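Remarks on the structure that follows.
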Amino acid sequence: MRILGIETSCDETAAAVVEDGVRVLSNVVASQYELHAEYGGVVPEIASRAHAERIMPVLRAAVEEAGLGWSNIDAVAVGHRPGLIGSLLVGVAAGKALAWSMGRPLIGVDHLHAHLYAAAMSGEGEAQECYPALGLVVSGGHTAIYLCESPTKLERLGGTIDDAIGEAFDKVAAILGLGHPGGPAIDRLAGEPDADDRAFEFPVSRLGADSLDFSFSGLKTSVLYAVRGQPRARSEGGGFTRDHTALTPGQRRDVAASFQRAACRAVMLKLGRAHEAMTARGAGVRSILVGGGVSANTRLRRELEVLGDELGLAVLMPPMELCVDNAAMIAALAHRVFQDRGADDLTLTPRPTTAC
Ligand code: KG4
Ligand code: ZN
């Protein structure tokens, strides 16, 4: 079964063809980085307009690169939640129109579940053996932990109550005067040989003793004050007296390394707690599935491997092209969704927030 997948939840316009849920025949991604760079973050209206312009050429390219014609497509899948509503609407409208005009089934897929399935499918035939698994999504828009009983049966255990981890990387990069997206720049700076990750004691948010939720806004504010100093009182005109240009290159590097250490610590802490809670529940977790753009982070990958060894769990991370937003993960999971619960109809609705 060849499924054409569509992904437009944020700022990547993507389409892919995947055969039988495992063989990626094409994987086309049109990124919008350059359109949002000057704003230091994704501007929803600009993202929706770019999707509207790019969706048809991207869909055509995915079918052509797969070496197929439209008549060879057996079903159409679309990421319909969660995401920016204007962005989701473009993909869902395109998916419905294609499915209806070709007389093929339409399959709605949860974007976050797809990120986690990308990790499972990268396990080379181990896709079945890795379940039950803990799922970790770390991206520019999401930070969440799941219990994955199967590719389609997931329970959300916790998530961020404010910023996503990737957003925190991007904002800290902006505070340090680095470009957008900031994650790779922080990763590079923090990885320089003399970077001291203990130069600054930034806070690691624990929330309640049993909480599996995340909070990154306190960490971000601490970095802001470390770089710019305490803000002036309003009676004295407010604002900051300095910015990142007051830091030496060594200090910038140390801020990046100390921030990265705190951000990774928060993830390991909550994964450890989640594992404990699932063990108490007798869930029989066997692996950790990791997805989302921040899983490219060198330190995070290293710490995940160490945690996996400590807990006796396999850690499955997809190759980079399947870590970031893409439509291959949508088309691949759609195959399982179709087997487990069949197709959707044309009432499929985009949902901006995660429903489960
Ligand atoms: O999954 P993704 O491509 O898009 C979303 O669904 O959000 O993730 C993008 C995020 C950005 O915040 C970017 O800064 C971050 O992933 N990122 C990284 C690294 N590479 C990308 N963060 C830390 N270290 C990296 N090496
Ligand atoms: Zn994503």
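The table that follows gives values for the structure above.
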read-out	value
Every residue from region 1-27 that is part of a strand (DSSP E or B) and either open to solvent by 20 Å² or more (accessible area, probe 1.4 Å) or near ligand 1 (Cβ under 10 Å from one of its atoms) (or both)	Arg2, Glu7, Glu12, Glu19, Arg23, Val24, Leu25, Asn27
Enumeration of residues in region 38-80 that are of a type outside the set (A, V, I, L, M), free of Cβ contacts under 8 Å to residues at least 60 places away in the same chain, touching a strand residue (DSSP E or B) at 6+ places or on another chain (Cβ under 9 Å) and surrounded by 15 or more Cβ atoms within 10 Å (Cβ to Cβ)	His51, Arg54, Glu65
Which listed residue is within 16 Å of ligand 1 (Cβ to nearest atom), part of a helix (DSSP H, G or I) and either within 29 Å of Glu276 (Cβ to Cβ) or open to solvent by 30 Å² or more (accessible area, probe 1.4 Å) (or both), from Ala97, Ala144, Ala118	Ala118
Any chance Gly159 is part of a helix (DSSP H, G or I), within 14 Å of ligand 1 (Cβ to nearest atom) and either hydroxyl-bearing (Ser, Thr, Tyr) or touching a strand residue (DSSP E or B) at 6+ places or on another chain (Cβ under 8 Å) (or both)	no
Close pairs (7 angstrom Cβ cut-off, 6 or more residues apart or separate chains): part of a helix (DSSP H, G or I) in region 321-333, among the polar types (S, T, N, Q) and within 10 Å of ligand 1 (Cβ to nearest atom) anywhere	Cys323/Ser295
Residues satisfying the stated conditions in region 284-311, i.e. touching a helix residue (DSSP H, G or I) at 6+ places or on another chain (Cβ under 7 Å), away from ligand 1 (no atom under 16 Å from the Cβ) and farther than 20 Å from Met121 by Cα	Leu307, Leu311
Output for region 149-182, where each listed residue is within 16 Å of ligand 2 (Cβ to nearest atom), closer than 23 Å to Ser205 by Cα and open to solvent by 20 Å² or more (accessible area, probe 1.4 Å)	Arg156, Thr160, Glu167, Asp170
Any hit, region 228-246, residues being touching a Phe, Trp or Tyr at 6+ places or on another chain (Cβ under 9 Å), surrounded by 15 or more Cβ atoms within 10 Å (Cβ to Cβ) and of a type outside the set (A, V, I, L, M, F, W, C)	yes
Candidate set: region 183-210, residues that are touching a Ser or Thr at 6+ places or on another chain (Cβ under 7 Å) and closer than 24 Å to Pro82 by Cβ; chosen: the one least open to solvent (accessible area, probe 1.4 Å)	Ser205
Subset of region 89-110 [of a type outside the set (A, V, I, L, M) and farther than 14 Å from Ala16 by Cβ]	Lys96, Trp100, Ser101, Gly103, Arg104, Pro105, Gly108, Asp110
Odd one out for Arg253, checked against (1) surrounded by fewer than 17 Cβ atoms within 10 Å (Cβ to Cβ); (2) charged (D, E, K, R); (3) away from ligand 2 (no atom under 16 Å from the Cβ)	(1)
Selection within region 312-351 - aliphatic (A, V, I, L, M), within 16 Å of ligand 1 (Cβ to nearest atom) and either under 19 Å from Leu84 (Cα atoms) or open to solvent by 10 Å² or more (accessible area, probe 1.4 Å) (or both)	Met317, Met320, Leu322, Val324, Ala327, Met329, Ile330
In region 1-38, the residues that are of a type in the set (S, T, N, Q) and under 20 Å from the mean Cα position of the chain (by Cα)	Thr8, Ser9, Thr13, Asn27, Ser31, Gln32
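The values are calculated or read from the model by the stated rules, or taken from the named source; none is laboratory data. Keep in mind that this is a model prediction, so the values were computed, not measured. Here the Cβ is made from the backbone with ideal geometry for all residues, glycine too, and neighbour counts use every protein chain on show. With ligands, DNA and RNA removed, areas are computed over all heavy atoms of the protein, side chains included. Shrake-Rupley method; radii C 1.70, N 1.55, O 1.52, S 1.80 Å.
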